[in-house]
1. For region 229-241, enumerate the residues that are open to solvent by 10 Å² or more (accessible area, probe 1.4 Å) and near the ligand (Cβ under 10 Å from one of its atoms).
2. Which of the residues belonging to region 262-299 are touching a Ser or Thr at 6+ places or on another chain (Cβ under 8 Å) and farther than 18 Å from residue 67 by Cβ?
3. Name the one entry in 417, 408 that is more than 26 Å from residue 189 (Cβ to Cβ), in a helix (DSSP H, G or I) and free of Cβ contacts under 8 Å to residues at least 12 places away in the same chain.
4. Within region 26-37, can one find any residue that is within 16 Å of the ligand (Cβ to nearest atom) and within 28 Å of the chain's Cα centre (by Cα)?
5. Condition check: within 16 Å of the ligand (Cβ to nearest atom) and either modelled with pLDDT of 95 or more or of a type in the set (A, V, I, L, M) (or both). Does residue 224 satisfy that?
6. Whether any residue in region 65-77 is farther than 17 Å from residue 239 by Cβ, in contact (Cβ under 8 Å) with a residue 40 or more places away in the chain and open to solvent by 80 Å² or more (accessible area, probe 1.4 Å) is what I want to check.
7. Between 270, 299, 310, 262, which is over 19 Å from residue 214 (Cα atoms), open to solvent by 10 Å² or more (accessible area, probe 1.4 Å) and in a helix (DSSP H, G or I)?
Amino acid sequence: MDDFDASQSAARMRDAEASLTGLRERFTTPDDGVYMDGNSLGLHGEDADRALERAVDQWRELGIEAWTEADPPWFAYGERLGDRLADVVGALPAECVAANSTTVNIHALVGSFLDAADGTDVVVNELDFPTDHYAIRSQLAARGLDPDDHLVVVESDDGRTISTDAIADAVDDDTAIVFMPSVLYRSGQLFDLEAITELAHDHDAFAGFDLAHSVGVVPHDLHFDGVDFAVWCSYKYLNAGPGAIGGLYVHEDNFDVEPSLAGWWGNDDATQFDLDTRFDPAEDASAFQIGTVPVFSAAPLFGTLDVVEAAGIDQLRDHSLSLTRYLISLVDERLPECSVGTPREAERRGGHVAVEHPEAGLVSRALRDRGVVVDYRPPDVVRVAPSPYYVGFEDVWTAVDELRDILDADAHRAYADDDATVT
Ligand SMILES: Cc1ncc(COP(=O)(O)O)c(C=O)c1O
């Protein structure tokens, strides 16, 4: 740390030397502020705009013919996006499809894999994003399995992270599925997907993952790691806009798993318009689509995947790691009242940093009012996500400098009597 330079000019030097800086111009930062919330909602950009406008033009010019005549045909949106998402998550094209939302995909895949499994239990962890538990509990209940008995919740030793050993201790021969996040939404811990998959397979269980906080910022190797299934959203680091279409992956060895939430969009394309009342599922991951693809929620992703491909997912990860490493060093150097709740090792760190402070809610609001957009995750985390697509080192420096200023002036206390919340 001795040679760490915490000055603003050093931050500028880092920006001047950084790769990927050209991407920033493709995005719009509201009010020219400092946007550190790309892990909640990625920023609007010209690539998403262009792709969305194109779909609107096709609607205007082609009407219903756009389902087959647009380029690519709307009918094939899920599969064409899936082909491109496969490169982002390390899968074969047939193993990925853009469809539904994250929560719906958890319902669809956990339910289907529960039916296909020998065991009856699903192993999750206590630090998960709540929607995962809601969906899994309801899928267990729908099968007559009491969620209080069959949802096995791994506990955290430190309230921030989950160890692979603790997951291993929870898995046994009753386990049907080990379902974990790739990155914890609060602390930003990155899980070892390969090790977790291996320990699930040792007990003949399936391994599934929620990639919401890693897709587009951390490269994956889902196929090679033998991961059975995964789900994600496109509105965080993939920047495809609020409520954008979700994505899913199913390993080719599991193409025989039958969708338990069947719908006509998952039918084999060749027979979909025969309109037979018997479901004839597609022979790959596309079988897990349910209803008509939401064209305007999917179109922006064509544009934002251009950005991912132009930058390269490995380069995005390198830049993200440099930004979070720099942020952690600045917190250590300038904010002794705060602690870093995110693992420091690069291989255990996702794309954001949990800056902990006992009054994190008030501090988050004070930061937002000064143009630094972060979010608060109770009880004590200010989540800071320097998205590598549009955040630079000087932005990180400014965020920490404003936080230093707020704490010095006790400016956050001004919010103590006002009970508005930060989302
Ligand atoms: C880990 C995780 N899963 C799921 C979701 C949300 O799911 P959905 O896209 O269905 O709203 C979030 C939202 O932030 C999340 O952090």
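The values are calculated or read from the model by the stated rules, or taken from the named source; none is laboratory data. Predicted model, so just to flag it, every value in this text is computed and none were measured. We place every Cβ from the backbone using ideal geometry, glycine too, and count neighbours over all the protein chains shown. What goes into the accessible areas is simple: the full protein's heavy atoms, side chains included, and nothing from ligands, DNA or RNA. Shrake-Rupley method; radii C 1.70, N 1.55, O 1.52, S 1.80 Å.
1. Once the filter is applied, which keeps residues that are open to solvent by 10 Å² or more (accessible area, probe 1.4 Å) and near the ligand (Cβ under 10 Å from one of its atoms), region 229-241 yields 235, 236.
2. Result: 280, 288.
3. 408
4. Taking every residue of region 26-37 in turn, at least one turns out to be within 16 Å of the ligand (Cβ to nearest atom) and within 28 Å of the chain's Cα centre (by Cα).
5. No.
6. Within region 65-77, not a single residue is farther than 17 Å from residue 239 by Cβ, in contact (Cβ under 8 Å) with a residue 40 or more places away in the chain and open to solvent by 80 Å² or more (accessible area, probe 1.4 Å).
7. Going through 270, 299, 310, 262 in turn, the sole match is 270.
Yes or no, residue by residue, for (1) open to solvent by less than 30 Å² (accessible area, probe 1.4 Å); (2) not in a helix (DSSP H, G or I):
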{"position": "322", "(1), (2)": "no, no"}
{"position": "326", "(1), (2)": "yes, no"}
{"position": "358", "(1), (2)": "no, yes"}
{"position": "382", "(1), (2)": "yes, yes"}
{"position": "389", "(1), (2)": "yes, yes"}
{"position": "403", "(1), (2)": "yes, no"}
{"position": "412", "(1), (2)": "yes, no"}
